[in-house]
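Values in this text are rule-based calculations from the coordinates and carry no lab data. All of these numbers come straight from a predicted model, not from anything done at the bench. For neighbour counting, all protein chains shown are included, and Cβ atoms are generated from backbone atoms with ideal geometry for every residue, glycine included.
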Amino acid sequence: MSSGQLPPRTRPVSVAPGRLTVEDHLETILRGVGPLAAYDQPVVESLGLTLHEDVVSDHDLPRFSSAAVDGYAVNATDVVGARPGEPVELPVVAEIVPGLGKPFAISGGSCVRITAGAPLPRGADAVVPADATDGGRSSVLINRAVLAGSGVRHAAGDLSRGGVALPEGAVLGPREIGLLAAIGRDRVRARPRPRVVVMSTGRELREPGAHLDVDSVSDANSSMLAAAVRDLGAIAYRVGVVDDEPTHFKRVLSDQLVRADLVVITGGITGGEHALVKKTLTEVGEVTFADVAVAPGRTHGFGRVFDEQTPVIALPGDPVSAYVGFEVFVVPAIRRMLGRTPYRRPQVHAVLAEDVTSETGVREYRPALFEVTHRGAKVTPLPRTGPHLVGVLAKANAFIVIGEDESALNLGDTVRTLVLDRNF
């Protein structure tokens, strides 16, 4: 099984008939989105992108043999008898520093003064460090013998011409970008960053900082999820609060598609006749909503909208539910679009610090504190609160994953844990 595939599914016995498992819904999403088409990108802007080619070096790295230390370039056979108290004296025929742009050569019985990084002259095969000499300029006393190759950075010592510098699928971090620059690449073929439009819906929502009426609340979701999108290496376009009135919502959604590879919407998908977003999305595209065995937040949607067939993931409106849905369903989708594997955040095992109980029939993601102590990994559940309370979520750095068939986990048990905010 490849690192990007989902594991084989065994349906938990407690999941009600007609309800989708987490894997069912995630598979639908991953089948509905694919890696974005690759194109040439500037290397300096490629941090976090995935290569879509084997990068082959068209020259050796280093390109030429050079001095590894300041000193004197010699033929090792000319100083074989040098030792403290019995130095070998050689004439200094030139001085070489990096960047002169012309070749040098020495004949037997002579040397050149050389600076680290300067190309080794023809006829020389070693560099005597300056501290093993008297530092002379017209002639130099050498107090120590050296072996051939000593004090030299050899051509192709790092990478040979025609060698693969980076393989297809490599993720470009700072060190990889440094290698690309070192071999002279200023552009590279890579998958681009997905453009993700984030929208919060609801008449009760207000922009942070705006005046609040007696029944209105500040929108947390769009800021939180836009930040999460950026943290994954994608481009986030935060639309902010959108009225869920169908005509207005439809117009805003349509206007956003010009800059969207994916749309993430929160709110407006539960509540029967008040689920206006759900109703509108089913009218403008093929969007399916499902009861998913996940807690918090059971109703989720996925599909494509308008002529552009832009993929849309619809999440619950409560902030904790929205964040759990983002972590479980949107993170894998964005990583698939980036060409990154694994799609899902790896789970780790940790020792449970307190008893927890859970409803069977759903997979619960319980906010928790994860830490590594001298005794190993430990995870502590945070106080159980409603899915709308974002304060506990802000204190969490992990989710305890409580299986569908598990009603209780006990102090000291080893439990599955999603550790958030880690690169993977």
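What number comes out for the charge environment of V331, summing +1 per Lys or Arg and -1 per Asp or Glu over other residues with Cβ under 9 Å away? Net local charge, V331 excluded: +2. Both numbers refer to the Cα atoms of the range 211-273; Rg and Dmax are 13.2, 38 Å. Within the range 118-277, antiparallel bridges make up roughly 5 percent of the DSSP beta bridges whose residues both belong there.
Across all directions, the shadow cast by the convex hull of the range 245-300 built on its C-alpha atoms averages 4.3 square nanometres. Restricting things to alpha carbons, find the Rg to Rh ratio for the range 183-290 using the Kirkwood radius for Rh. Rg/Rh: 1.07. Within a straight-line Cα-Cα reach of under 30 Å, K279 can be paired with the following lysines, leaving aside sequence neighbours fewer than 8 residues apart in one chain: K250.
Working from the Cα coordinates of the chain, the gyration tensor eigenvalues give, after taking √(5λ), semi-axes of 62, 26, 19 Å in decreasing order.
Summing charges over neighbours of K395, with a neighbour being any other residue whose Cβ is under 14 Å away from its Cβ, gives 0 when K and R count +1 and D and E count -1.
Of the listed peptides 100-109, 180-189, what is their order by residue-averaged count of other C-beta atoms within 10 Å, with the highest listed first?
Going by the mean number of other Cβ atoms within 10 Å, highest first, we get 180-189, 100-109.
Summing Lys and Arg as +1 and Asp and Glu as -1 over all other residues whose Cβ lies under 9 Å from the Cβ of I235 gives a net charge of +3. For the range 32-162, the C-alpha radius of gyration divided by 2.2 N^0.38 Å, with N the number of residues, is 1.49.
Note on the range 228-347: percent of Cα-Cα distances in each 5 Å bin, starting at 0 and stopping at the bin with the largest distance, equals 2, 11, 22, 25, 22, 13, 4, 1, 0. Please work out the Cα center distance from the range 154-176 to the range 65-130, rounded to the nearest Å. First find each Cα centre; the distance between them is then 30 Å. Sites listed here are chymotrypsin sites (Phe, Trp or Tyr not before Pro) in the range 289-394 whose DSSP assignment is loop and whose Cβ has at most 13 other Cβ atoms within 10 Å: F306.
For the range 275-424, the Kirkwood hydrodynamic radius comes to 16.6 Å, computed from all pairs of different C-alpha atoms.
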